[in-house]
1. Whenever you get a sec, compute what percent of the accessible area on segment 196-250 sits on carbon and sulfur atoms (1.4 Å probe).
2. With every protein chain left in place, what is the accessible area per residue of segment 126-254 in square angstrom, probe 1.4 Å?
3. Provide the packing ranking of 153-161, 135-143, 104-112, i.e. peptides ordered by the mean count of other C-beta atoms within 10 Å per residue, highest first.
4. If each residue of separation counts as 0.36 nm, what is the full-extension length gain between E132 and E120 once their alpha-carbon separation is subtracted?
5. Can you figure out the FRET efficiency of Q208 with E153, using R₀ = 51 Å and their beta-carbon distance, to the nearest 0.05?
6. Any chance you could tell me what percent of the C-alpha pair distances in segment 196-250 go past 14 Å?
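The values are calculated or read from the model by the stated rules, or taken from the named source; none is laboratory data. Please read all numbers here as calculations on a predicted model, not as lab measurements. Methodologically, a virtual Cβ is constructed for each residue, glycine included, from the backbone with ideal geometry; neighbour enumeration extends over all protein chains shown. Only protein heavy atoms, including side chains, enter the accessible area calculation; ligands, DNA and RNA are left aside. Shrake-Rupley method; radii C 1.70, N 1.55, O 1.52, S 1.80 Å.
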Amino acid sequence: MLQKELTELHEERALHREGRRRRPFRTAALVGYTNAGKSTLLNAMTAGGALVENQLFATLDPTTRSVRLPFGQTCLLVDTVGFIQKLPHELVAAFHATLEEVGEADLLVHVLDASHAGAETRLETVHATLRELDLGDRPLLLAINKVDRCSPESRRRLQTFRPEPYLGVVLVSGTTGEGLDSLKSAIGEALARDMLAVEATIPYDNWQALSRWRRYGVVEGEEFASDGVHVRGRLPEAIVKTVIGEVGGEDPAG
Ligand SMILES: Nc1nc2c(ncn2[C@@H]2O[C@H](COP(=O)(O)OP(=O)(O)OP(=O)(O)O)[C@@H](O)[C@H]2O)c(=O)[nH]1
Ligand SMILES: [Mg+2]
């Protein structure tokens with residue numbers, strides 16, 4: 001019976017992964033302790049209206065918003081319920097909804113409260129939680145939040161903080177807006193890592209292809225030639241064909 005359950009679980013995960021690959025938009029989930037400032041950051045980055053409150057578990061339902069990244073790429077940003085070591089019983093259901101969202105994410109952005117005394121212990125707890133949830137190998141960025149409350153010394157110390165296994169560390173403040181552009185760039189770069197490198201010539205009468213490329217992928221260079229726009233960049237595998245068609249595209253990555 002256990003073997004059967006394991007197999008089913010495995011198949012389910014594979015389906016989820018496949019689903020992730022087929023969606024054109026990439027998804028990044030904000031994870032971390034309660035009160036770290038996840039909802040504040042989501043609001044600041046998307047100018048939306050996610051609930052922000054200085055209370056335990058202000059976020060009970062995951063909230064998703066779209067955000068424009070540098071180079072015009074769009075991604076979905078998911079707000080989640082904060083992780084803590086021992087979850088009150090009545091919040092388990094809310095936590096499960098969050099876990100489903102987190103499980104679907106292409107990238108996790110761990111939001112850490114720099115002004116909290118036990119920040120390093122919390123970093124470890126979140127890692128342990130992610131490992132328990134089988135999310136230990138998901139690409140990770142660290143957003144060190146509330147740096148507006150840090151002393152110049154601790155800022156300097158944090159600037160050289162490069163813990164494993166993060167792809168990048170960004171110092172941010174959801175309230176002052178500091179570092180948000182850097183965070184967006186870091187998210188864009190991390191999300192483009194598993195896209196395919198593509199070069200194509202897009203005829204001038206197919207402007208939709210170019211706008212789709214900008215929306216779902218990354219345009220790294222474009223040149224206006226007589227036969228169309230020569231574009232170089234990256235695209236999610238799932239939409240290479242719909243964007244550049246069967247003809248005119250090359251895939252240098254193979
Ligand atoms: N000084 C300062 N305060 C911040 C910053 N970001 C968030 N806060 C404050 O921290 C408190 C918690 O912020 P939230 O965004 O609700 O935290 P959260 O991580 O979403 O919390 P949960 O939804 O409970 O998991 C609020 O009072 C915010 O105003 C920041 O960059 N600097
Ligand atoms: Mg919140």
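1. The computed percentage sits at 48.
2. Accessible area per residue, segment 126-254: 55 Å².
3. 104-112, 135-143, 153-161
4. Roughly 2.5 nm would be gained on extension.
5. Efficiency, from the Cβ-Cβ distance: 0.45.
6. The proportion of pairs with Cα distances above 14 Å equals 42 percent.
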